[in-house]
Amino acid sequence: MGKILIVDDDQDLAASYEKILVGEGHKIVKAIDGQDGLAKVQNQEFDLIITDLNMPKVSGQRFIELIQKGDDSIGCPIIISSGFIDSNTINIFSGNSRIHFLPKPTSLNELKTKINELLSVGAQKPKSKIDVRFINPILSSTIEVIT
């Protein structure tokens, strides 16, 4: 299954998401706000991120903007699960096919369905391959220097 980051300051809700998703075979990592979420995505790779919008320190919108910046942008799907999804938020993210909306309150069945749908689409994409013609000379040089 997938490794999922849940970014939400409502720890009771995050715990209920975790309980149901672990039961589905997913590995869950939780972050208490956008700032904590940023630290987690810098150190780990995720198959899916679920984020709230209205959080202290770093909002969900800012969290998404920051993880999409530059060459180190996160390529996994992101579900915005919030009671504060308005037309402005939809307009900001509607052009990004990796962003999905799931307004709160949502049933756990709706959450599971959306996650399974997104992870199954990601599983169908071919993984990028490392070109050994490029990496082998680097490895050989590194081994030579070490020895």
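The values are calculated or read from the model by the stated rules, or taken from the named source; none is laboratory data. Predicted model only: the values in this text are computed from it and were never measured. Reconstructed Cβ throughout: ideal geometry from the backbone, glycine too, with neighbour counts over all protein chains shown. The area values use the complete protein model at the heavy-atom level, side chains included, leaving out ligands, DNA and RNA. Shrake-Rupley method; radii C 1.70, N 1.55, O 1.52, S 1.80 Å.
Remark: the chain carries 61 Å² of accessible area per residue (probe radius 1.4 Å; ligands, DNA and RNA excluded).
For the range 1-16 versus the range 64-113, the spacing of their alpha-carbon centroids is 14 Å. Using only alpha carbon pairs under 8 Å that are at least six residues apart, calculate the relative contact order of the chain and give it in whole percent. It rounds to 19 percent for the chain.
Set against the labelled values [x] 9, 23, 31, 24, 10, 3, 1; [y] 10, 38, 30, 11, 8, 2, 0; [z] 12, 45, 36, 8, 0, P(r) over Cα pairs in 10 Å bins from 0, in percent computed from this structure falls on [y]. Calculated mean residue ellipticity, 222 nm, the chain: -14500 deg cm²/dmol, from DSSP H runs (n ≥ 4) at -39500 (n - 2.57) each, averaged per residue and rounded to 500. Considering only Leu111, Leu48, Leu13, the mean-square fluctuation computed in a Gaussian network model of the chain, springs between alpha carbons under 10 angstrom, is largest for Leu13. Around the Cα centre of the chain, unit charges on the Cβ atoms of Lys, Arg, Asp and Glu (plus for the first two, minus for the last two) sum to a dipole of about 400 debye. Membrane-span-like helices of the chain, defined as complete DSSP H segments with a Cα extent of 15 Å or more along the helix axis and a mean Kyte hydropathy of at least 0.5, are identified as 132-146.
Note on the chain: dipole from Cβ charges, positive end direction compared against Gln68, Gln42, Ser141; the farthest Cα belongs to Ser141.
Across Gly75, Gly83, Gly23, mean-square fluctuation computed from a Gaussian network of the chain (C-alpha pairs under 10 Å connected) peaks at Gly23.
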